[in-house]
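A short worksheet on the structure shown next.
The values are calculated or read from the model by the stated rules, or taken from the named source; none is laboratory data. Just so we're clear, the structure is a prediction, and the values are computed from it rather than from any experiment. Note that each Cβ is placed from the backbone with ideal geometry, even for glycine, and that neighbours are counted across all protein chains shown. Remember, those area values only see protein heavy atoms, side chains included, never the ligands or the DNA or RNA. Shrake-Rupley method; radii C 1.70, N 1.55, O 1.52, S 1.80 Å.
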Amino acid sequence: MHTRRIGEVEVSAIGLGGMPMSIEGRPDESRSLATLHAALDAGVTLIDTADAYHRDAGEVGHNETLIAKALSTHERGGDVLVATKGGHLRPGDGSWTLDGRPDHVKRACEASLRRLGVEAIGLYQFHRPDPDVPYAESVGAIRDLLDEGKIRMAGISNANPEQIRQAQEILGGRLVSVQNQFSPAFRSSEPELELCDELGVAFLPWSPFGGISRAGELGSTYAPFARVAQKHGVSAHQVCLAWMLAKSPVVVPIPGASRPESVQDSVRAADLELSAEEIAELDAA
């Protein structure tokens, strides 16, 4: 597995997003554990989660608990950087709400620490800006957690360029990652990706295939990805991830999965080399 860096930590060039294993339509626990173990077997050393990755109201942190169980039952579990997030909530009716108040962010972090069973969280990210709370206050809570040693690295998610620069300032230059939506269908985060490249901050594209419901449509919706995939004898998903990796050395995709086969396909993208002509064709798709 090729590697990239988040802060001072070396991680697999392809990570794993845990959300599909915990929200609506999730598989049973045995298949989820098999999926997580398949990722570890394939050399994945970055797993992304959040306390809001759950389905029902009474199971906050379902995905964090699942990941902790998977890591504790695999010989390579100790090699993984777990990135989790706080500041987003799911009441249990399928909706998503926000709470960026500093006290909530700090309580959420403490709860995540307990569920993950660690003394310090490897990478903690502010999940999404709350329009009712000044951004500086929310990120200030992340800074405090960093200063207190409860998290080892700090990141933000769903941020615009101004917020990235603001977070970098508030964190005293210690911002290590930005996690934004980016896919062939959603490219409006290009400015954030370019800024991360300039700052040397890792950019973690979430929903790289366009979301759980649309992931299977990638090849049929974006013909150039299918054409390049056919040429190389690989899946359109591998081409998509290889295209993202080629954009900048700071990019670390975190495709979600709920089946071992999906993980095994995604990780092979790290070995797929695209020509400049192919990248240009995909950029124009």
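Assorted remarks:
Per-residue answers, yes or no, for (1) at pLDDT 95 or above; (2) surrounded by fewer than 21 Cβ atoms within 10 Å (Cβ to Cβ); (3) in contact with a His (Cβ under 8 Å, 6 or more places away or on another chain):
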| site | (1), (2), (3) |
| --- | --- |
| Leu171 | yes, yes, no |
| Arg174 | yes, yes, no |
| Phe182 | yes, no, no |
| Pro191 | yes, yes, no |
| Glu194 | yes, yes, no |
| Asp197 | yes, yes, no |
| Phe203 | yes, no, no |
| Trp206 | yes, no, no |
| Ile212 | no, yes, no |
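- Checking each residue in segment 121-149 for being in contact with a helix residue (DSSP H, G or I) (Cβ under 6 Å, 6 or more places away or on another chain), open to solvent by 20 Å² or more (accessible area, probe 1.4 Å) and not in a helix (DSSP H, G or I) picks out only Pro129.
- Ala108 over 17 Å from the mean Cα position of the chain (by Cα), modelled with pLDDT of 95 or more, buried (at least 24 other Cβ atoms within 10 Å of the Cβ) and outside any loop (DSSP other than H, G, I, E, B): yes
- Restricting attention to segment 249-285 and to residues that are surrounded by fewer than 17 Cβ atoms within 10 Å (Cβ to Cβ) and of a type in the set (S, T, N, Q), the residue that is farthest from the chain's Cα centre (by Cα) turns out to be Ser275.
- Of all residues making up segment 181-220, the number that are of a type in the set (Lys, Arg) and under 17 Å from the mean Cα position of the chain (by Cα): 1
- Residues being open to solvent by 50 Å² or more (accessible area, probe 1.4 Å), β-branched (Val, Ile, Thr) and at pLDDT 95 or above are represented in segment 52-67 by at least one member.
- Selection from segment 70-80 of residues that are within 18 Å of Glu119 (Cβ to Cβ) and open to solvent by 70 Å² or more (accessible area, probe 1.4 Å): Ser72, Gly78, Asp79
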